[in-house]
Every structure is written in structure tokens, then in C-alpha cells.
Amino acid sequence: MDSPEDISRYYKKQYRIYDATRSFFLFGRKELTSRVNKNSNGKTLEVGCGTGYLLNQINSDEPYGIDLSYEMLSVAKNKLATNVCLEQTTFLDYNPENKFDNIVFAYFFTISFGELETHIAKAKSLLNSGGRIYVVDFYDYGNQLYKKYMNWHGIEMNPSLLSQLENNFTTEHSELHSAYFGLWKYFIYQGGIS
Ligand SMILES: C[S@@+](CC[C@H](N)C(=O)[O-])C[C@H]1O[C@@H](n2cnc3c(N)ncnc32)[C@H](O)[C@@H]1O
């Protein structure tokens, strides 16, 4: 999508049906959560936490979530324990006092693909030395018709997302999966920073 305003408008229309509908196509989020929970010591941030689906399953001593959408965060607030620190902000405007040990992105990068490089640079700037990034996201479309449909929803899939992650972090784990007999592919990525 083009701007934070467009994204905010989109989720204002979607937040009521979000939890009921997304399990049919946002695959890999449970697997990503299990990975985070193996290393969840310290401070963990989810960027674009939406309605709190992942934060509800992440066992962290100090969980944080940010999202630009007031409506998505209002659903998260009702669902999550009170120790989860939530803030309404865009990622690029977020200026926390301390850095994080783990940063999680679930279906975040492909919704604002135009900002990919600045978003990766921001993630690097917010990670402690020895910290980790965890990402699940779309990898590529299976055909042109599906591409048109997803672009209409503001999603841009491009295999360069995974290469950019691999270029910027030390890859600890990377896996590709096919959804609905090849309609699209998605990936799960874990990387470290020295
Ligand atoms: C596809 S949803 C994913 C939500 C959640 N991670 C999940 O897996 O259910 C993308 C979320 O990212 C948020 N978002 C998109 N761009 C953002 C940005 N630049 N800063 C903060 N939040 C953003 C949207 O408001 C939305 O809640």
C-alpha cells in the first residue's frame, strides 16, 4: 500500500473480521511463534502486531507491540495480558528508549514493500548485538491472476524480500512453503545480528 494513511483506512474496514478470516491465508505464524519461544529471553518486539495474534502466544518477559492502526490495537488490547506494552505508531516513527533482543514481523513487509530498505535498516538499528529477527511473509505469486488480486489488496510479493533479509542478517533458518497447491509461496526466516 502506498502510505500509512491508506493502510490505516484499510484496517479500519477489516479489523472486525480480521481474526475470523486470516487463518485461511496468513500461514506459518504458529511456526514462527514456536521459533521465537525457543529464544525469547529479554525484550521482544512485534512490529505491525495487528490484533495481537502472535503476541498472545509469545512467551517473553518483556513483550512489546506496535501498530499504526488504532482499531487493530483496540482488538489486541482486549486480548493480551496487561504486561504487553502496546503503542500506536508507524515503525519509522517509533523511538523506544532501549533496543530489543528479538524483533518479529508477521506479514508486515509485503504490505509496505516500497519502504523495504528503510524498514530493514530500522530493524537493524533497534536490535541489541546478538539479537534476532523473525519474519514470516509472502514470497511470490503462483500466477498473474492471483498477483492482480493481491495487488488490489495492497500486497506486493517479491522474492527480493527474502534476499534482502539474507543480505542484512546472518541467516540461522530459512524455509519456503507452497500454499493451496502453488497459488502462492510464503517463507519463514530467522536471522541474527552480530
Ligand atoms: C497483515 S497485518 C499482520 C498483523 C499481525 N502481525 C498478524 O500476523 O496477524 C499487518 C499489520 O501491520 C500494520 N502496519 C502496516 N504498516 C505499518 C507501519 N509502517 N508501521 C506500523 N504498523 C504497520 C497494519 O496496521 C496491520 O495491523
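Summary table
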{"read-out": "Lone qualifier among Y186, Y107, Y141 - being within 26 Å of N56 (Cα to Cα) and in contact with a helix residue (DSSP H, G or I) (Cβ under 9 Å, 6 or more places away or on another chain)", "value": "Y107"}
{"read-out": "Unique match (being at positive phi, in contact (Cβ under 8 Å) with a residue 12 or more places away in the chain and near the ligand (Cβ under 8 Å from one of its atoms)) among G50, G42", "value": "G50"}
{"read-out": "Subset tally (residues that are in a loop (DSSP other than H, G, I, E, B) and away from the ligand (no atom under 11 Å from the Cβ)) for the range 3-35", "value": "3"}
{"read-out": "Pair list, Cβ < 7 Å and 6+ apart or interchain, from the range 117-142 residues that are closer than 15 Å to D93 by Cα to residues that are modelled with pLDDT of 95 or more and basic (K, R)", "value": "L126/K99"}
{"read-out": "Near pairs, Cβ below 6 angstrom, 6+ apart or cross-chain, from the range 101-113 (surrounded by fewer than 24 Cβ atoms within 10 Å (Cβ to Cβ) and at pLDDT 95 or above) to any residue that is assigned to a strand (DSSP E or B) and among the polar types (S, T, N, Q)", "value": "D101/N128"}
{"read-out": "Enumeration of residues in the range 157-177 that are within 22 Å of V36 (Cα to Cα), polar (S, T, N, Q) and surrounded by 13 or more Cβ atoms within 10 Å (Cβ to Cβ)", "value": "Q164, N168, T171, S174"}
{"read-out": "Within the range 45-160, helices (runs of 4 or more DSSP H) holding 1 or more residues that are over 24 Å from K12 (Cα atoms), among the polar types (S, T, N, Q) and over 15 Å from the mean Cα position of the chain (by Cα)", "value": "116-126, 144-152"}
{"read-out": "Members of the range 90-107 found to be under 13 Å from L45 (Cα atoms) and not acidic (D, E), listed by number", "value": "F91, Y94, N95, P96, N98, K99, F100, N102, I103, V104, F105, A106"}
{"read-out": "Hits in the range 53-70 - residues which are within 11 Å of the ligand (Cβ to nearest atom) and aromatic (F, W, Y)", "value": "Y53, Y70"}
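The values are calculated or read from the model by the stated rules, or taken from the named source; none is laboratory data. A quick note: this is a predicted structure, and the numbers were derived from the prediction, not measured. Reconstructed Cβ throughout: ideal geometry from the backbone, glycine too, with neighbour counts over all protein chains shown.
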